[in-house]
Each structure stands twice: as C-alpha cells, then as structure tokens.
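Participant: Could you have a look at this structure, given as structure tokens, before my questions?
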Amino acid sequence: MKILVCISHVPDTTSKINFTDGDTKFDTNGVQYVINPNDEFGLTRAMWFKEKQGASVDVVNVGGAETEPTLRKALAIGADTAIRVNTPATDGYAVAKQLAKVVNDGGYDLVIAGRESIDYNGTMVPGMLAAMVNANFVTNCISLEVDGTNAKAVREIDGGKETVSTSLPLVIGGQKGLVEESDLRIPNMRGIMMARKKPLNVVEPTDANAETKVVSFEKPAPKGAVKLVDADNIDELVNLLHNEAKVI
Amino acid sequence: MSILVYTESENGKLKKAALEVVSYAKAVADQMGTTVTAVAVNADNTETLGNYGASKVLLVKDESLNVFNAQKYAAILEGAAKTEGAKVVVVSASANSKYVAPLLAVGLDAGYVSNVVEAPSSVSPFTVKHSAFTNKAFANTEITTEVKIVGISNNSFGLVESGGSASVEDFSPSIPDSGVTVESVDKATDKVSIADAEIVVSGGRGLKGPENWGMIEELAEVLGAATACSKPVSDLGWRPHGEHVGQTGKPVASNLYIAVGISGAIQHLAGINSSKVKVVINTDPEAPFFKAADYGVVGDAFEVVPKLIEKLKAFKAANA
Ligand SMILES: Cc1cc2nc3c(=O)[nH]c(=O)nc-3n(C[C@H](O)[C@H](O)[C@H](O)COP(=O)(O)OP(=O)(O)OC[C@H]3O[C@@H](n4cnc5c(N)ncnc54)[C@H](O)[C@@H]3O)c2cc1C
Ligand SMILES: Nc1ncnc2c1ncn2[C@@H]1O[C@H](COP(=O)(O)O)[C@@H](O)[C@H]1O
C-alpha cells in the first residue's frame with residue numbers, strides 16, 4: 001500500500017495571534033511551527049500500517065521553504081520520503097489542486113489528511129482533494145482499518161459515531177482517535193539522524209488559482225471584566241443568566 | 001438566480017440550524033435582490049421554512065437517503081444549484097455540512113468559506129467574515145468565483161422570522177452510487193449533541209474523577225444542555241473522546257457555556273470562545289478562565305454545582 005500523509009505546517013497551539021501590514025498578514029514573529037495536530041494522529045496511524053501491514057509512507061506539504069523543518073520532523077517520526085510543493089498555500093482549493101497532482105503522479109492508494117488545520121480551519125482540503133482525484137472520502141475519521149483494497153472507518157458525527165465500509169483509493173480527514181494521544185510518536189535521536197539522510201523532494205507547482213482571498217484580519221473585541229457572583233448567592237447567578245444575559 | 005440553502009433534518013424533523021441557515025440566506029438574498037430556495041431531504045413540515053425566508057423548497061423524498069451520504073447529498077445540492085442557477089449556496093457548520101461542502105465546491109467550481117459569523121459585508125466583491133486560528137481571530141475573505149459556498153457558524157446569525165410562505169416542490173435529481181456505505185450508526189438519541197446544543201455544561205480535571213460527573217449530567221439535564229469536557233479529561237478516559245472540546249477537539253458555539261473545574265488554557269478557550277455567554281466555576285480566583293468569562297463563581301464545584309442545580313430547578317418550577 002502506498003500512503004501519502006498531508007502535513008499542514010501551523011502555529012503551535014500556544015501561539016499568540018497577531019497581524020502586520022495593516023492587519024493583512026499573519027505575524028510570524030516569535031511563532032513556533034508544528035505539524036498540525038490532526039495530521040500528527042494520521043501520521044502515527046500511517047506508521048502503524050507501515051509496521052504491521054507493510055506500506056510506504058510519504059509526507060507532503062504545499063508551502064515555502066520555511067515548512068521544511070516540519071517535514072523533517074515527519075521524516076524523523078518515520079516517514080520514508082517528504083515532498084514539498086514549492087508554492088505558498090494561498091487557499092484550500094489551490095492547495096487541494098497541488099495535492100491532487102502529487103496523488104495522481106505518485107499513484108497513492110491511501111491519503112491521510114487531517115479533519116482541519118488549526119490555522120485557517122478550512123475543513124476543505126481533504127474533501128476537495130478526494131473529489132479531484134475521484135477517491136472515496138471519509139472525514140472526522142477516528143478509526144481506520146485496511147484489508148486489501150477494502151477499508152473500514154469510523155466517523156465522528158454530531159452526537160455519536162458511525163461505522164462505514166469503503167475501498168481504496170481513499171482520502172480521509174483524520175483526528176484524535178485514529179490513534180490515542182499516548183501513542184503519538186515523538187522523534188527520537190536515531191529518527192532525527194536518519195531523517196537527515198531521507199529524501200525531501202521539492203517539486204514545482206502546477207497551475208492552480210485560488211478561489212478565495214483574505215482581505216484583512218481582525219482580533220476579537222476585548223472582553224469586559226468578569227462579573228463575580230458569591231458562592232453563597234447562587235440565586236444571583238440564575239437571576240443574571242435569566243434577566244441580564246437572557247440565556248435561560 | 002436564487003440563493004440555495006441546505007436545510008438539514010433528522011428523522012424527518014428540521015434542525016434548528018436549518019432555520020438559522022435559511023434566515024442567513026434570506027439576508028444574502030435581500031442584499032442581492034433575489035429569493036431563497038431551500039433543499040431538504042425526507043423532511044416533514046418544510047412549509048415552515050417560508051417563515052424564515054425561503055420562497056421555494058425542493059424536497060427530495062427517497063428512503064435510501066435516510067442515512068446521510070456526503071457524495072449523494074453533494075449530487076443533490078449540485079443538481080439543485082444548477083437547476084436554480086444559484087450563485088450562492090449556504091450550508092451550516094454541522095459535521096455533515098462540513099463533509100458535503102468541499103465535494104460540492106469541486107462539483108460547482110465554487111469557492112467555499114466555512115465558519116462564517118456574519119452576513120456578507122459586501123456582495124460585490126462577495127466578502128464574508130469568518131473565524132480563523134481556531135477562534136483566536138477573524139478573517140475577512142473575498143470569494144472570487146462565480147458560484148460561492150458559505151458555511152455559517154452555529155448560533156452566529158440567529159433565527160429571523162420573516163413571516164413569508166414557501167411553495168414545496170418534489171425534486172428528484174439523479175443520484176450516483178457511492179463508494180462509502182454506512183454500516184451502523186451509534187448515537188445517543190436521548191442526549192443533545194454539542195453541535196446542536198444552545199447550552200453546554202463542561203467539566204475539567206478539577207472534578208477529580210469520572211465518578212463525580214453525576215452532578216454535571218444533572219446540571220445539563222436541568223438546562224437541556226449537552227455535556228462536554230477538557231482534553232485531559234478525555235485523555236484520562238474519564239469521559240468519551242466525543243466530549244473533548246477546544247482547539248484540538250470540537251468547537252463550541254453555544255449561547256451559554258458553563259465551565260466547571262476547567263483552568264482555561266489557551267487551547268481550551270480557543271475552541272469555546274465563540275460561545276456567547278461563558279460562566280466559570282473554579283476554586284482558584286487566578287485561573288485564566290476568569291479573564292475569558294462573563295460570569296464567575298470562585299468556589300468549590302462540589303458545593304456550587306448542587307446549589308446551582310437546586311436554584312435552577314426552583315427557577316424552572318416558577319417559570320413553568
Ligand atoms: C497541542 C495541544 C492541544 C491542546 N488542545 C486542547 C483542547 O482542544 N482542549 C482542551 O481542553 N485542552 C487542550 N490542551 C490542554 C490544555 O493545555 C490544558 O492542559 C487543559 O485544557 C487543562 O484541562 P483542565 O482545565 O481540565 O485541567 P487543569 O489545568 O488541571 O485545571 C483544573 C482546574 O480545576 C480547578 N479546580 C480544582 N478543584 C476544583 C474544585 N473542587 N472546584 C472547582 N474547581 C476546581 C483548578 O483550580 C484548575 O483551574 C491542549 C494542549 C496541547 C499541548
Ligand atoms: N499546505 C498544505 N500542505 C499539505 N497539506 C495540507 C495543507 N493545508 C491543509 N492540508 C491538509 O488538509 C487538512 C485540512 O486542512 P484545512 O482544509 O485547511 O482545514 C490538514 O489537516 C492537512 O492534512
């Protein structure tokens with residue numbers, strides 16, 4: 001089985017979000033980048049397929065040279081080869097278009113992407129990619145098993161989950177549950193040494209126009225001070241929620 | 001040309017989010033000088049959509065569609081958008097809408113923006129405000145394609161009754177076979193889901209152990225709320241993963257969010273920030289959650305929550 005794991009390079013979850021250039025650009029100053037958490041679960045599941053069932057695992061990112069340390073980290077976790085499509089990630093559609101070319105050229109059977117990226121939260125790249133390459137698609141995926149060309153997946157739905165059967169070629173949008181938090185791999189010294197020798201192929205982009213364009217960013221309006229209610233006066237809380245906040 | 005809107009239902013009943021997306025679509029239609037056409041599948045009482053601004057409902061009736069299938073539903077919406085010559089398609093933020101929208105976007109060559117929180121600031125160019133960086137910021141984004149798909153955040157627009165009426169037409173588009181088959185659905189039917197809930201009651205590590213969740217569930221029941229938890233609580237196996245909310249869990253956009261024994265770490269707050277009113281109950285007055293909350297009680301959850309349940313029951317009895 002040939003597996004491709006899509007890696008989005010995102011600000012660490014503790015990052016303070018600021019903007020520059022008249023609020024038109026994300027301020028990368030002092031921001032640490034990581035593998036998108038949803039993709040980390042997918043990558044670990046891919047390593048399981050590699051070790052238990054035999055599979056090759058490539059990782060891909062669409063982005064500039066600054067994303068290479070993130071791809072190296074994925075190699076250190078155990079991916080065989082990394083691919084960087086050398087173009088900025090302008091929007092979900094354009095990224096999906098670039099990924100579709102990589103998938104078609106590489107003849108991948110299984111593409112593991114994340115449910116969403118924690119920067120732009122588009123929740124769109126995996127679905128668009130699946131539609132572009134005519135693959136089956138399951139998102140919010142919390143369990144995946146593959147037997148030959150058949151696959152069984154569990155998808156989280158609002159208020160529960162559902163089990164689906166499907167087949168390769170398949171694209172999934174994965175999340176926590178694909179593997180447990182405690183099974184996530186952290187690169188060890190040996191992995192990091194080996195990653196230095198693994199191929200990181202830079203490929204030039206195909207033509208793909210973005211369909212959306214960020215005009216400006218805004219930060220949420222500053223919050224007023226919290227209204228404290230005495231623990232012995234819970235009637236007051238009920239009163240405030242009813243008469244002031246009007247939520248009960 | 002009209003504005004097309006996907007109105008979701010469950011067991012024949014329209015969801016509240018369906019009424020909200022129609023209200024939103026009506027606002028867009030007014031801005032663009034056109035009307036709203038709703039698409040519903042196996043839903044009853046679709047005439048009521050007229051009250052929220054739909055002029056027409058395309059109703060698909062097909063038993064085999066009782067179980068949601070993204071590919072099939074995308075084909076239905078694509079067929080409807082083409083029949084209607086729709087330039088804008090509105091969907092919700094539900095798991096199903098987020099599943100179907102990217103497939104539809106490719107089918108219609110349409111630009112798609114999700115997590116939209118307001119009516120478009122301009123329809124030419126078509127510009128919408130949506131949350132980004134997991135609610136730590138907003139972006140104003142222009143959709144440059146001829147057909148546009150807008151996914152709106154739960155409870156961001158609200159329900160707007162316009163008092164109109166809708167004609168309901170049967171619609172039978174051609175539906176492709178799908179390579180994904182649902183084998184079984186495991187869903188608690190007696191509980192409100194976090195996505196649909198107007199009120200969410202959430203517990204953190206401050207509750208000490210899973211055996212103490214009885215009062216959280218009781219509080220949720222009194223309020224008709226969904227239950228949720230912080231990430232460590234689900235990692236420890238105290239609560240199911242489906243309840244984990246925050247930046248790496250489910251987003252919460254409820255009207256009221258009550259956090260019990262949750263410190264308010266940046267990753268937690270990021271995911272629940274778009275809830276309208278936040279209440280925190282925590283023993284530590286220095287807990288970061290107090291900076292993000294509207295109302296706070298500095299106190300022990302084991303004393304405060306039972307009192308709150310009692311007071312709410314009394315309030316409900318008095319207002320019944
Ligand atoms: C990559 C990454 C992603 C993450 N994503 C998420 C996410 O999506 N969601 C999430 O929630 N977290 C997430 N976290 C974890 C986050 O950083 C915090 O560790 C977590 O939110 C803390 O959970 P907590 O508030 O339940 O526990 P704690 O931080 O241990 O807080 C417990 C609180 O309970 C209070 N308390 C104690 N006893 C009582 C009592 N008797 N009555 C009332 N209050 C009491 C304490 O004062 C304290 O404030 C993430 C972390 C990382 C690194
Ligand atoms: N620039 C990118 N390069 C590679 N994969 C990406 C990129 N952007 C998004 N993805 C993948 O698509 C998933 C969902 O992203 P999004 O649609 O942006 O929320 C991510 O978890 C990644 O797996």
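Participant: Out of everything in the range B:131-151 that is among the β-branched types (Val, Ile, Thr) and either in a strand (DSSP E or B) or at pLDDT below 95 (or both), what residue ends up being farthest from A:Phe217 (Cα to Cα)? Can you show your working first?
Facilitator: So the first thing to find is which residues in the range B:131-151 are among the β-branched types (Val, Ile, Thr), and the list is B:134, B:141, B:143-145, B:147, B:149-150.
Filter once more, keeping what is either in a strand (DSSP E or B) or at pLDDT below 95 (or both): B:134, B:141, B:143, B:149-150.
Numbers: B:Thr134: 13, B:Thr141: 9, B:Ile143: 15, B:Ile149: 20, B:Val150: 18 Å.
In this case the residue turns out to be B:Ile149.
Participant: Also, I was wondering about something else. Under 6 Å by Cβ, and 6 or more places apart or on different chains, what pairs join a residue from the range B:300-312 that is facing another protein chain (nearest Cβ under 8 Å) and free of Cβ contacts under 8 Å to residues at least 40 places away in the same chain with one that is assigned to a helix (DSSP H, G or I) and surrounded by 22 or more Cβ atoms within 10 Å (Cβ to Cβ)?
Facilitator: So the pair list comes out as B:Lys307/A:Ile234; B:Lys311/A:Ile234.
Participant: Next question, about the same structure. Residues of the range B:189-216 being within 15 Å of ligand 1 (Cβ to nearest atom), closer than 18 Å to B:Gly249 by Cα and either in a loop (DSSP other than H, G, I, E, B) or among the charged types (D, E, K, R) (or both), which ones?
Facilitator: Those that are within 15 Å of ligand 1 (Cβ to nearest atom), closer than 18 Å to B:Gly249 by Cα and either in a loop (DSSP other than H, G, I, E, B) or among the charged types (D, E, K, R) (or both): B:Ile194, B:Gly204, B:Arg205.
Participant: A further question on this structure: Keeping to the range B:220-267, report how many residues are over 25 Å from B:Gly151 (Cα atoms) and part of a loop (DSSP other than H, G, I, E, B).
Facilitator: Within the range B:220-267, residues that are over 25 Å from B:Gly151 (Cα atoms) and part of a loop (DSSP other than H, G, I, E, B) number 12.
Participant: When you check A:Arg155 against the structure, is it among the basic types (Lys, Arg) and within 11 Å of chain B (Cβ to nearest Cβ), yes or no?
Facilitator: For A:Arg155, the condition - among the basic types (Lys, Arg) and within 11 Å of chain B (Cβ to nearest Cβ) - is met.
Participant: Now, a different point. Kindly check whether there is at least one residue in the range B:152-160 that is in contact with a strand residue (DSSP E or B) (Cβ under 6 Å, 6 or more places away or on another chain) and of a type outside the set (Lys, Arg). First the steps, then the outcome.
Facilitator: So in the range B:152-160, the residues in contact with a strand residue (DSSP E or B) (Cβ under 6 Å, 6 or more places away or on another chain) come out as B:152-153.
Subsequent filtering for residues that are of a type outside the set (Lys, Arg) retains B:152-153.
The answer is yes; a qualifying residue exists.
Participant: Are any residues in the range B:264-288 near ligand 1 (Cβ under 9 Å from one of its atoms), more than 9 Å from every other protein chain (Cβ to nearest Cβ) and of a type outside the set (A, V, I, L, M), and if so, which ones?
Facilitator: B:Gly264, B:His268, B:Gly271, B:Asn282, B:Thr283, B:Asp284, B:Glu286, B:Pro288 - these are the residues of the range B:264-288 that are near ligand 1 (Cβ under 9 Å from one of its atoms), more than 9 Å from every other protein chain (Cβ to nearest Cβ) and of a type outside the set (A, V, I, L, M).
Participant: Can you pull out the residues in the range B:122-160 that are among the polar types (S, T, N, Q) and under 27 Å from A:Lys16 (Cα atoms)?
Facilitator: Quick first cut of the range B:122-160, residues among the polar types (S, T, N, Q) only: B:122, B:124, B:127, B:131, B:134-135, B:140-141, B:144-145, B:153-156.
Within the range B:122-160, B:Thr127, B:Ser131, B:Thr134, B:Asn135, B:Asn140, B:Thr141, B:Ser153, B:Asn154, B:Asn155, B:Ser156 meet the criteria.
Participant: Separate question: Does B:Thr134 count as among the β-branched types (Val, Ile, Thr), within 11 Å of chain A (Cβ to nearest Cβ), in contact with a Pro (Cβ under 9 Å, 6 or more places away or on another chain) and under 22 Å from B:Gly271 (Cα atoms)?
Facilitator: yes
Participant: Return yes when A:Ala245 is without any contact (Cβ under 8 Å) to a residue 40 or more places away in the chain, over 20 Å from the mean Cα position of the chain (by Cα) and exposed (fewer than 14 other Cβ atoms within 10 Å of the Cβ) and no when it is not. Walk me through it before giving the result.
Facilitator: Values: without any contact (Cβ under 8 Å) to a residue 40 or more places away in the chain: yes; over 20 Å from the mean Cα position of the chain (by Cα): yes; exposed (fewer than 14 other Cβ atoms within 10 Å of the Cβ): no.
So A:Ala245 does not fit the description; no.
Participant: Could you identify the single residue in B:Ser156, B:Ser97, B:Ser122, B:Ser92 that is in contact with a Lys or Arg (Cβ under 9 Å, 6 or more places away or on another chain) and not charged (D, E, K, R)? If you could, list the steps in order and put the result at the bottom.
Facilitator: Numbers: B:Ser156 fails: in contact with a Lys or Arg (Cβ under 9 Å, 6 or more places away or on another chain); B:Ser97 fails: in contact with a Lys or Arg (Cβ under 9 Å, 6 or more places away or on another chain); B:Ser122 fails: in contact with a Lys or Arg (Cβ under 9 Å, 6 or more places away or on another chain).
Answer to the check: B:Ser92.
Participant: Those residues that are assigned to a loop (DSSP other than H, G, I, E, B) and more than 12 Å from A:Asn201 (Cβ to Cβ), I need them from the range A:80-116; list them, please.
Facilitator: Of the residues in the range A:80-116, the ones assigned to a loop (DSSP other than H, G, I, E, B) are A:80, A:86-91, A:107-109, A:115-116.
Selection gives A:Thr87, A:Pro88, A:Ala89, A:Thr90, A:Asp91, A:Gly107, A:Tyr108, A:Asp109, A:Arg115, A:Glu116.
Participant: Follow-up question, since we're still on this one. I need the strands (runs of 3 or more DSSP E) fully contained in the range A:158-227, keeping only those with at least 2 residues that are within 22 Å of the chain's Cα centre (by Cα), modelled with pLDDT of 95 or more and more than 9 Å from chain B (Cβ to nearest Cβ). Break it down into steps so the answer makes sense when it comes.
Facilitator: On the way: elements: A:160-167, A:170-174, A:200-203, A:212-218.
So the answer is A:170-174, A:200-203.
Participant: Exactly one condition in (1) crowded, with 23+ Cβ neighbours inside 10 Å; (2) within 10 Å of another protein chain (Cβ to nearest Cβ) is not met by B:Val182; state its number.
Facilitator: For B:Val182, the exception is condition (1).
Participant: If you go through the range B:232-249 one residue at a time, how many are buried (at least 24 other Cβ atoms within 10 Å of the Cβ) and either more than 8 Å from chain A (Cβ to nearest Cβ) or more than 10 Å from ligand 1 (Cβ to nearest atom) (or both)?
Facilitator: 3
Participant: Could you look through the range B:186-236, keep only residues that are at pLDDT below 95 and small (Gly, Ala, Ser), and pick out the one that is nearest to ligand 2 (Cβ to nearest atom)?
Facilitator: B:Ala195
Participant: Okay, next question. For B:Ser156, all conditions in the list (1) within 11 Å of chain A (Cβ to nearest Cβ); (2) assigned to a loop (DSSP other than H, G, I, E, B); (3) among the hydroxyl-bearing types (Ser, Thr, Tyr) hold save one; what is the number of the exception?
Facilitator: For B:Ser156, the failing item is (1).
Participant: Filter the range A:1-43 for residues that are in a strand (DSSP E or B) and either at pLDDT below 95 or over 16 Å from A:Ser117 (Cα atoms) (or both) and give the result.
Facilitator: Our first condition is that a residue be in a strand (DSSP E or B); within the range A:1-43, this holds for A:2-6, A:9-11, A:19-20, A:25-26, A:33-35.
Correct list: A:Lys2, A:Ile3, A:Leu4, A:Phe19, A:Thr20, A:Lys25.
Participant: Among what's in the range A:100-126 and is more than 16 Å from ligand 1 (Cβ to nearest atom) and closer than 23 Å to B:Gly246 by Cβ, pick the residue that is farthest from the other protein chains (Cβ to nearest Cβ). Reasoning before the result, please.
Facilitator: The first filter runs over the range A:100-126 and keeps only residues more than 16 Å from ligand 1 (Cβ to nearest atom), leaving A:100-113, A:120, A:122, A:124-126.
This time we only want the ones that are closer than 23 Å to B:Gly246 by Cβ, so: A:112-113, A:120, A:122, A:124-126.
Working: A:Ile112: 16, A:Ala113: 11, A:Tyr120: 6, A:Gly122: 6, A:Met124: 4, A:Val125: 8, A:Pro126: 7 Å.
Taking the candidates together, the pick is A:Ile112.
Participant: Just need a number here: residues in the range A:97-121 that are within 13 Å of the chain's Cα centre (by Cα) and modelled with pLDDT of 95 or more.
Facilitator: From the range A:97-121, those within 13 Å of the chain's Cα centre (by Cα) are A:111-121; that's our starting set.
When the remaining residues are screened for being modelled with pLDDT of 95 or more, the result is A:111-117.
The total comes to 7.
Participant: All but one of (1) free of Cβ contacts under 8 Å to residues at least 60 places away in the same chain; (2) away from ligand 1 (no atom under 16 Å from the Cβ); (3) within 14 Å of another protein chain (Cβ to nearest Cβ) hold for A:Lys16; which doesn't?
Facilitator: Condition not satisfied by A:Lys16: (2).
Participant: Looking only at the range A:42-80, count every residue that is more than 10 Å from ligand 2 (Cβ to nearest atom), touching a residue at least 12 places away in the same chain (Cβ under 8 Å) and either farther than 21 Å from A:Ala94 by Cβ or of a type in the set (Lys, Arg) (or both) and tell me the total.
Facilitator: 22
Participant: Let me ask you something else. Residue under question is B:Ile76, and the condition is that it be among the β-branched types (Val, Ile, Thr), in a strand (DSSP E or B) and crowded, with 20+ Cβ neighbours inside 10 Å; does it hold? Give the steps one after another, and end with the answer.
Facilitator: Values: among the β-branched types (Val, Ile, Thr): yes; in a strand (DSSP E or B): no; crowded, with 20+ Cβ neighbours inside 10 Å: yes.
No: the conditions fail for B:Ile76.
The values are calculated or read from the model by the stated rules, or taken from the named source; none is laboratory data. Note that this is a predicted model, so its numbers are computed, not measured. Backbone-built Cβ (ideal geometry, glycine too); neighbour counts: all protein chains shown.
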